[in-house]
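Quick notes on the structure that follows.
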Amino acid sequence: MEFIETDLKGCFILEPRVFKDERGYFMESYNELTFQNGVGQKVNFVQDNQSHSTKGVLRGLHYQCGENTQAKLVRVLEGEVLDIAVDIRPDSETYGQYISIVLTAENQKQLFIPRGFAHGFLVLSESATFFYKCDNFYNAVSEGGIIFNDPTINIDWNFSIEELIISDKDGELPMLANAKRIW
């Protein structure tokens, strides 16, 4: 597995070695020792989540606050998504900046998002199954979010805004300047 650190410190793209033949493919999607060596820290994942969505569904930008902050390891099992991580660490040199990556079932790439980031994704294919590991349990009271179209972050979703499918809850999230502080 190759670990590629992004412009946002601590955020890594993981590219697994995929072995293909006439039967299909095999890959190691997670190995604790390989992962910890690759990201340079010990991460203890405690919860796995999975969602299935149709084209145009935008989920996010979400995060957990305080002692419930979460690091995530995300990937796509079926379909294609545009995945976004926004640095909301108050003392970070890249505060308010984001990275985007297209994750697909075909490219098998994963994204490690450390604690201190908001996360969201947009389904680009007809449908997608999204899977992620978290290093902390979900806590509703600690939930935070940022509106997907915050002009200070200026995310290029590369998708028609009129075609987005957004939950009422996500459509009412605050701008970064008014969002809950992560810690």
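What follows is calculated from the coordinates using simple rules that are stated; it is not laboratory data. Everything numeric in this text was worked out from a predicted model, so none of it was measured. Virtual Cβ from ideal backbone geometry, glycine too; neighbours counted across all protein chains shown.
Listed values, structure above:
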item: Within the chain: Cβ-based charge dipole about Cα centre, in debye rounded to nearest 20 (Lys, Arg +1; Asp, Glu -1); result: 440
item: Relative packing of peptides 70-81, 105-116, 157-168 - highest average C-beta neighbours within 10 Å first; result: 70-81, 105-116, 157-168
item: Cα extents of the stretch 45-183 along the three principal axes, largest first (Å); result: 37, 34, 28
item: Whole-Hz couplings from phi, Karplus 6.51/-1.76/1.60, listed for the stretch 103-112; x for Gly and Pro; result: 9, 9, 5, 6, 7, 6, 5, 10, 10, 9
item: Karplus-derived HN-Hα couplings along the stretch 119-135 (A = 6.51, B = -1.76, C = 1.60, θ = phi - 60°), whole Hz, x at Gly and Pro; result: 9, x, 8, 10, 7, 9, 8, 4, 7, 8, 10, 10, 10, 8, 9, 10, 9
item: Debye intensity ratio in log₁₀ form over the Cα atoms of the stretch 46-114, taken at each q of 0.14 Å⁻¹; result: -0.49
